[in-house]
Amino acid sequence: MYKEIIMKQLLIIGARGFGREIYFLATQSIGYKSDFIIKGFLDDNCDALNGYENYPPILSSVENYEVQEEDVFICALGDVKYKKKYSDIIKNKSGEFVSLIHNSVSIGLNTKYGHGCIFTQNVNISCDVLIGDDVTIQPFSEIGHDCAIGNNCQLNTYSFMGGFSKIGNNVTINTGAILLPHKKVMDGATLGAGSVAIRNVKKDTTVFGLPAIEI
């Protein structure tokens, strides 16, 4: 018996600059128009798209949105604290998060990732990597073999993680930063832009420089 396939409706949390980038990314991601279409944005600023063309509408704030059966979500907020806050609001309403994987992304053998991830253009993820939920990896980043990434992390453009390195939950790796093999960045920490972490980074600290030191 024929069963109707119901297309998922993607809602993007955040309609500011990064949200617009993620909208375009979604149109170039695996599953677009076969598994999902884009329904619109959620943002508390209903004027956030004023002056911009060719984007779907802002439908509601996150707080006021009523989740529909066919809805799926992605969070386009770059700050890990706000990303967790607004993602949790939707999760508490039983909203389902999906991952967006750009068609140019390379993912190695045995690598696993969770829900709500965003892997952007020309990201290279090696083999035997474990990635949690709600992880964003920006363009041209490299994740080495046997790495581990916790939940709700942000890895910005040209980030590099050497083999067997690990980052915890709610971690930010800024543009051009390097984490050497076997090193760890603990929960809530930030690795500054262009920095090189040659030793483990403590929980809830910010490090910067070459070599990276706490600031």
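Bear in mind these aren't lab numbers, they're just calculated from the coordinates by the rules spelled out. Bear in mind the structure is a predicted one, so any value in this text is a computation, not a measurement. Heads up, the Cβs are rebuilt from the backbone with ideal geometry, glycines too, and the neighbour counts pull from every protein chain shown.
Please state the shape class of the stretch 32-108: rounded when a/c is under 1.5, otherwise prolate if a/b exceeds b/c and oblate if not, all from the C-alpha gyration tensor. If you can, show how the numbers build up before the last one.
Details: a/c = 1.41, a/b = 1.18, b/c = 1.19.
Verdict is rounded for the stretch 32-108.
The slack in the chain from residue 16 to residue 47, taken as 0.36 nm per residue of separation less the alpha-carbon distance, amounts to 10.2 nm. Which shape class applies to the stretch 157-213: rounded if a/c is under 1.5, otherwise prolate when a/b exceeds b/c and oblate if not, where a ≥ b ≥ c are the square roots of the Cα gyration tensor eigenvalues? Rounded, because the longest to shortest axis ratio a/c is under 1.5.
Straight-line reach from residue 84: taking Cα to Cα under 18 Å and skipping same-chain neighbours fewer than 8 places apart, the aspartates and glutamates in range are 43, 44, 63, 96, 133, 134, 187, 204. Over the chain, dividing the summed -39,500 (n - 2.57) contributions of all DSSP H runs of at least 4 residues by the number of residues returns a 222 nm mean residue ellipticity of -3500 deg cm²/dmol. Net charge dipole, the chain: roughly 660 debye, given to the nearest 20, about the Cα centre with Cβ charges of +1 for Lys and Arg and -1 for Asp and Glu. With contacts taken as Cα pairs under 8 Å at a separation of at least 6 residues, the chain carries a relative contact order of 11 percent.
Determine, from the Cβ-Cβ distance of residue 66 and residue 206 and an R0 of 41 Å, the FRET efficiency 1/(1 + (r/R0)^6), rounded to the nearest 0.05. Show your work: numbers first, answer last.
Values: r = 38 Å, r/R0 = 0.93.
Efficiency for this residue pair is about 0.60.
For a 23 Å ceiling on Cα separation, which of these pairs sit above it: 33/166; 33/85; 39/93; 166/203; 112/166? Going by Cα-Cα distance, 33/166; 33/85 fall outside the 23 Å limit. Helix 17-27 and the longest principal axis of the C-alpha atoms of the chain enclose an angle of approximately 70°. FRET efficiency for the pair residue 110 and residue 59, taken as 1/(1 + (r/R0)^6) with r the Cβ-Cβ distance and R0 = 45 Å, rounds to 0.70. Roughly how tilted is helix 80-91, in degrees to the nearest 10 and between 0 and 90, from the longest Cα axis of the chain? Its long axis makes an angle of about 40 degrees.
One entry in (i) 46; (ii) 32; (iii) 40 is percent of Cα pairs over 27 Å apart calculated from the shown coordinates; its label is (ii).
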